[in-house]
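The values are calculated or read from the model by the stated rules, or taken from the named source; none is laboratory data. All of these numbers come straight from a predicted model, not from anything done at the bench. Heads up, the Cβs are rebuilt from the backbone with ideal geometry, glycines too, and the neighbour counts pull from every protein chain shown.
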Amino acid sequence: MKLWLEKIHLDLKVVWKLSRNQTTFKENFIVHLETKEGMFLSEIAPNIRYGETPEKIQIQFEQWLKTTDIEKISNEKELTQSLDKTKLFHALRFGIESAFLSLFSNRAGESLGEFLKLPRPIPVATSFSMPIIPVNEIADYLKPIERFSSLKIKVNAETAEEMLLEIKKHSSAKLRVDANEGWKDLDSFLRFHATLQGMNIELIEQPFPSSMQDEYKELKKITPYKILADESIEDVGDFEDLASQFHAVNIKLMKTGSLIKARDFILKAKRHQMEAMMGCMIETTIGISYGMLFGGMVEYVDLDGFLLVKDEAYKLVSEDQGILSL
């Protein structure tokens, strides 16, 4: 049995600008698990928000590998124990876990979804993301993505109102407003919030930092819109507390670090009368194919990360008229 990482460089179709950073490329890793049964692949998409860089991922992976006898990992319990013995970056943990779970499901003669006891994967409608861009470029950006029924709009506190007013002129799609913690106080956000009346708002995602729990509780009481947690939920989640702040949670495999944990988080959200989104980072279709396994469990899907990549190489997920299929 062999396990190694292949670093890949992904050029993006646009300048990917959020409220906290911007880039024109992404560096991910493809996880290769080679066994007598075959080759099992997964992906690692580092996120600087959580201190993950390609260099740190590589170092941590090599350290874990030196202290782990992968030949002795033969079932889910042993896998979890080996991954929990050190605090791994979320994305790295996901990449290792998902490759091994793919192997275990193959040995069991089941699909990975069957092995994890998930509903059968179904074609799903995804939103399409728009980074923070100059207002005069919005019409041209929207034209080729008219087929998507929902748009995920990256905003910051300075330009959000102007961007949304311009989008309203050119699109009737439902809008998922994603602030990536862009507002730093409730009052300034509420002034922006007041400008949203009459817009086709589907969700507002993480408008201010995850530390502002009291502000989220206050906002939930007064807003007519669904507030979605992203940065407020990582690889742990107090769902009783989250339910007091948000209407829904954005589950990302690279953030939870685990297919098993993602499944359990979605079920916990349901038990707390919360909705769930299956989201992603900028990933190839290797990573996105794992997210697709959860399409039958969630109310919202945001798995467009591969559509932002130039010349995506693996083609494991297809898109037609905004609908994704394995």
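A few notes on this one:
- Subset of the range 1-50 [polar (S, T, N, Q), within 30 Å of M163 (Cβ to Cβ), touching a helix residue (DSSP H, G or I) at 6+ places or on another chain (Cβ under 8 Å) and surrounded by 13 or more Cβ atoms within 10 Å (Cβ to Cβ)]: N28, N47
- With respect to (1) touching a Phe, Trp or Tyr at 6+ places or on another chain (Cβ under 9 Å); (2) not in a helix (DSSP H, G or I), the lone exception for L307 is condition (2).
- For the range 134-176, a tally of residues being closer than 22 Å to A248 by Cβ and of a type in the set (K, R) returns 4.
- Subset tally (residues that are assigned to a loop (DSSP other than H, G, I, E, B) and either surrounded by fewer than 16 Cβ atoms within 10 Å (Cβ to Cβ) or free of Cβ contacts under 8 Å to residues at least 12 places away in the same chain (or both)) for the range 160-205: 7
- Of the helices (runs of 4 or more DSSP H) entirely within the range 234-282, those holding at least 2 residues that are of a type outside the set (V, I, T) and over 19 Å from R49 (Cβ atoms) occupy 239-245, 259-271.
- Filter result for T126 (polar (S, T, N, Q) and within 18 Å of the chain's Cα centre (by Cα)): yes
- Evaluation of K143 against (1) of a type outside the set (F, W, Y); (2) out of contact with any strand residue (DSSP E or B) (no Cβ under 9 Å at 6 or more places or on another chain); (3) not assigned by TED's automatic domain parsing to the domain that holds K174 (one fails), failing number: (3)
- Matching option when the condition is in the same structural domain as A269 (by TED's automatic domain parsing), without any contact (Cβ under 8 Å) to a residue 24 or more places away in the chain and either surrounded by 15 or more Cβ atoms within 10 Å (Cβ to Cβ) or not in a loop (DSSP other than H, G, I, E, B) (or both), among K217, K221: K221
- Single match in E312, E299, E275 (criterion: among the acidic types (D, E), in contact with a strand residue (DSSP E or B) (Cβ under 9 Å, 6 or more places away or on another chain), surrounded by fewer than 17 Cβ atoms within 10 Å (Cβ to Cβ) and at negative phi): E299
- If you filter the range 52-107 down to residues that are of a type in the set (D, E) and assigned to a loop (DSSP other than H, G, I, E, B), you find that the one that is surrounded by the most Cβ atoms within 10 Å (Cβ to Cβ) is E52.
- The one condition from (1) of a type outside the set (D, E); (2) buried (at least 18 other Cβ atoms within 10 Å of the Cβ); (3) closer than 26 Å to Y225 by Cα; (4) out of contact with any helix residue (DSSP H, G or I) (no Cβ under 7 Å at 6 or more places or on another chain) that K268 does not meet is (4).
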